[in-house]
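So the structure is just underneath, and the comments pick up after that.
The values are calculated or read from the model by the stated rules, or taken from the named source; none is laboratory data. Not measured: the values here are computed from a predicted model. FYI the Cβ positions are ideal-geometry reconstructions off the backbone, even for glycines, and counts take in every protein chain you see. Remember, those area values only see protein heavy atoms, side chains included, never the ligands or the DNA or RNA. Shrake-Rupley method; radii C 1.70, N 1.55, O 1.52, S 1.80 Å.
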Amino acid sequence: MAIRRSRYRTATGAGTLVAFLLVLIFGSPWYVDWVQEGNRGIFLETLAWPAWSFDTDASVRDLLAADLKAILLVVFTALFITLLAGAQLASARGTISAILTGWAAYIFAAALAAMLTAFILANASFGSAVVAATGGAAYGLIVGWIIGLATMAGRRP
């Protein structure tokens, strides 16, 4: 029996793969250090937001929060794209609808990941979690169109 692979990627798979690559590449310590060396512009600086690290000088709590934020961003992106793409009406399936679905999913994912991980940090409060969520939402707003383009290229249910 031959195993047949589909040459079509689902919207969830494509969006999650691109989100993983964005976090892996642009959240890496090397990229974050490069961005912090000088004025690189708002887009390149924003790409470094879900910075993950293995820095031994930082506290365990800060490392856990940063790494968990990066992981949760990818997981929540997959969850929200699945929920939003499945909820699209048949008449709303199109290029603009797919881009907005991926973009909105990334905004929600970044905000929720930032809000949840803010409670791990020292002196956590609901106010600091909301401020962290606004930072995540701003990241999703500026970078989320990339996820929207990826979900546009994928097949929707």
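Dipole magnitude for the chain: about 1080 debye, using +1 per Lys or Arg Cβ and -1 per Asp or Glu Cβ, origin at the Cα centre.
Just subtract the alpha-carbon distance of LEU64 and TRP34 from 0.36 nm times their residue separation and send over the number in nm, one decimal.
On the way: separation 30, 0.36 × 30 = 10.80 nm, distance 2.24 nm.
Between LEU64 and TRP34, full extension yields 8.6 nm more.
For the residues ILE147, ILE71, ILE96, a GNM of the chain with alpha-carbon springs under 10 Å puts the largest fluctuation on ILE96. From the alpha carbon centroid of segment 41-76 to that of segment 124-157 is 14 Å. With labels modelled as points extended 7 Å from the Cα through the Cβ direction, what inter-label distance (nm, one decimal) is found for THR56 paired with THR134? Once both label points are built, they end up 3.9 nm from each other.
Grab the beta carbon distance between ILE25 and PHE126, set R0 = 41 Å, and tell me the FRET efficiency rounded to 0.05. Walk me through the numbers on the way to the answer.
Working: r = 33 Å, r/R0 = 0.79.
Approximately 0.80, to the nearest 0.05.
Computed over protein heavy atoms with a 1.4 angstrom probe, the accessible surface ordering of GLU45, GLU37, largest first, is GLU37, GLU45.
Give the shape of segment 44-140 as rounded, prolate or oblate, defined through the alpha-carbon gyration tensor: a ≥ b ≥ c are the square roots of its eigenvalues, a/c under 1.5 means rounded, and otherwise the shape is prolate if a/b is larger than b/c and oblate if not. Don't skip to the answer; put the middle values down first.
Values: a/c = 2.64, a/b = 2.26, b/c = 1.17.
In terms of gyration-tensor shape, prolate.
Ordered from largest to smallest accessible area (heavy atoms of protein chains, 1.4 Å probe), the residues SER28, SER125 come out as SER125, SER28.
Starting from 0.36 nm per residue, how many nanometres of slack lie between LEU141 and LEU83 once their C-alpha separation is accounted for?
Values: separation 58, 0.36 × 58 = 20.88 nm, distance 1.89 nm.
Extra length available between LEU141 and LEU83 comes to 19.0 nm.
If you count only protein heavy atoms with a 1.4 Å probe, what accessible area per residue comes out for the chain, rounded to a whole Å²?
58
Take each complete run of DSSP H in the chain, measure how far its Cα atoms stretch along the helix's own axis, and keep only those covering 27 Å or more with mean Kyte-Doolittle hydropathy at least 0.5; list them. Mind dumping the intermediate values first?
Values: long enough: 60-86 (38 Å, 1.83); 95-118 (35 Å, 1.68); 126-153 (38 Å, 1.58).
In the chain, the long hydrophobic H runs are 60-86, 95-118, 126-153.
Express the carbon and sulfur contribution to the solvent-accessible surface of the chain as a percent, rounded to the nearest whole number, probe 1.4 angstrom. The value for the chain is 69 percent carbon and sulfur by accessible area. Considering only chymotrypsin sites (Phe, Trp or Tyr not before Pro) in DSSP loops that have at most 14 other Cβ atoms within 10 Å, the longest stretch of the chain without any of them is 55-118.
Under a Cβ-Cβ cut-off of 15 Å, what is the net charge of the residues other than ALA66 that fall near it, where Lys and Arg count +1 and Asp and Glu count -1? Display every interim value, and only then the final one.
Numbers: positive: ARG61, LYS69; negative: ASP33, ASP55, ASP57, ASP62, ASP67.
Residues near ALA66 contribute -3 overall.
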